[in-house]
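Trainee: Here's a structure for you.
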Amino acid sequence: MLICMKPAAIFEDKLAGLLMAALLLITLVNVFVRYFTDQSFAWTEEISCFLMLVLSLAGSAVAVARDSHIRVDYFFASGSDARQRRLAMGSFLATAIFFAALGMLSAQMAWDEFRYQETSPAIGIPKWWYSVWLPVFCGILCARALQGWQRLRTAS
């Protein structure tokens with residue numbers, strides 16, 4: 001690794017653990033209910049999809065904070081320290097730009113869902129309750145990427 005990265009994303013680690021536990025509990029309850037009653041809770045799939053999305057974004061934030069996101073290591077590891085630093089800084093910056101743009105677009109989507117009063121198919125609750133979290137986590141991912149970029153920029 002180019003520089004010693006401090007363990008980060010404690011908040012996202014704990015959140016991912018809580019989300020995974022909630023996802024497990026919801027799925028387990030649905031399996032038992034389906035097994036014993038031949039019925040299924042319709043809301044569990046909708047909630048599970050939402051939890052999977054948030055879990056993916058929390059995990060992505062952890063990966064960005066720890067600089068363990070996916071990259072082509074052949075080009076990264078085969079260069080000098082200066083090249084590795086430039087590539088890592090470019091990677092952090094590209095990640096920040098991508099998630100800033102995605103956050104703005106998803107905020108527009110959440111606003112449209114709020115404005116047009118769209119509801120979810122299974123439960124009938126407002127869809128923006130789910131989609132409002134996408135720009136929040138995009139902001140977290142953007143901030144984590146900028147933290148990594150700043151850490152590399154100030155490293156000696």
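Trainee: Where residues in segment 117-135 are in contact (Cβ under 8 Å) with a residue 24 or more places away in the chain and not in a loop (DSSP other than H, G, I, E, B), which of them is nearest to the chain's Cα centre (by Cα)?
Mentor: The selected residue is 134.
Trainee: Restricting to segment 38-95, name every residue that is within 29 Å of residue 11 (Cα to Cα), at pLDDT 90 or above and among the basic types (Lys, Arg).
Mentor: Within segment 38-95, 85, 86 qualify.
Trainee: Which members of segment 79-96 meet the condition of being in contact (Cβ under 8 Å) with a residue 40 or more places away in the chain and under 13 Å from residue 143 (Cα atoms)?
Mentor: 92, 93, 95, 96, listed by residue number.
Trainee: Looking at segment 33-82, which of the residues that are among the charged types (D, E, K, R) and exposed (fewer than 13 other Cβ atoms within 10 Å of the Cβ) is nearest to the chain's Cα centre (by Cα)?
Mentor: The extreme case among them is 73.
The values are calculated or read from the model by the stated rules, or taken from the named source; none is laboratory data. Everything numeric in this text was worked out from a predicted model, so none of it was measured. Note that each Cβ is placed from the backbone with ideal geometry, even for glycine, and that neighbours are counted across all protein chains shown.
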